[in-house]
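**Q** Here it is: the structure, laid out below.
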Amino acid sequence: MGAIQLLPSFELYRLSARENPLQRTLILSAALPWSNLATIFASDYFGSPATFNFRGMNYDGFQAYFGLVAFILACYGFFKKEAKFFMFLAIFGLLFALPPFAYIGVWLNIPIISSGFPSRIVFIFGFAMTVLSAFGLNYLTSDHIKISKKLFIPLLISAGSFFLIAAATFQ
């Protein structure tokens, strides 16, 4: 039954402009560079297009930043048993955005995956780390760690005020 839709769709995909050899070289150059792993900790490490000091190739596609506080909370989330799937998903998303793993879809000629930019899979890393940060927040506020409830709120308030002051200073 599905052949009525799948066969014409496969033929349309096979004849599309995305199967161009020039497109393939562009895709091979669009993996997340290893140096851009620094954007996990500082979003504008290579500059910002808004302030005209960006020195890089692709600002939107090569960003792995999801928040410094969220990163710290995600480190606590790694200790939860329920978070094993999201740990795997974060590692998968980061590995397959970086070379040489980013080129597997192109080398194996997997439909749709072989025609997309490999660095875009970094959103899976960001999503998984955000879920892990929720697990970490839950872990810190649970009854297992009684001292952290007393320390967590003041730490969060002081860290938030520090970041607000830092953001106001650099504008």
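Every number here is computed from the coordinates shown, using simple stated rules; none is lab data. Quantities reported herein were computed from a predicted structural model and do not represent experimental measurements. Note: ideal-geometry Cβ built from the backbone for every residue, glycine included; neighbour counts use all protein chains shown.
**Q** Please list, by residue number, every one of the chymotrypsin sites (Phe, Trp or Tyr not before Pro) in segment 24-130 that is coil in DSSP and has at most 12 other beta-carbon atoms within 10 Å.
**A** Details: sites: Trp34, Phe41, Tyr45, Phe46, Phe52, Phe54, Tyr59, Phe62, Tyr65, Phe66, Phe71, Tyr76, Phe78, Phe79, Phe85, Phe86, Phe88, Phe92, Phe96, Phe101, Tyr103, Trp107, Phe123, Phe125, Phe127; in loops: Phe41, Tyr45, Phe46, Phe52, Phe54, Tyr59, Phe62, Tyr65, Phe66, Phe78, Phe79, Phe96.
The qualifying sites are Phe41, Phe52, Phe79.
**Q** When a/c is below 1.5 the answer is rounded, else prolate if a/b is larger than b/c, else oblate, so apply that to segment 1-143 with a ≥ b ≥ c taken from the square roots of the Cα gyration tensor eigenvalues. All intermediate terms of the calculation are to be shown ahead of the outcome.
**A** Numbers: a/c = 2.79, a/b = 1.44, b/c = 1.93.
In terms of gyration-tensor shape, oblate.
**Q** So which trypsin sites (Lys or Arg not before Pro) in segment 32-113 pass both tests, a DSSP loop state and at most 10 other Cβ atoms within 10 Å of the Cβ?
**A** Values: sites: Arg55, Lys80, Lys81, Lys84; in loops: Arg55, Lys80.
Here the sparse-neighbourhood loop sites are Arg55.
**Q** May I ask you to list the GluC sites (Glu not before Pro) in segment 1-104 that are in a DSSP loop and have at most 16 other Cβ atoms within 10 Å of their Cβ? Write down the numbers at each step before the final one.
**A** On the way: sites: Glu11, Glu19, Glu82; in loops: none.
Answer in residue order: no site qualifies.
**Q** Then there is this: Quote the FRET efficiency, to the nearest 0.05, computed for Phe85 versus Ser142 with a Förster distance R0 of 22 Å and r equal to the Cβ-Cβ distance.
**A** Details: r = 20 Å, r/R0 = 0.89.
Efficiency at R0 = 22 Å is approximately 0.65.
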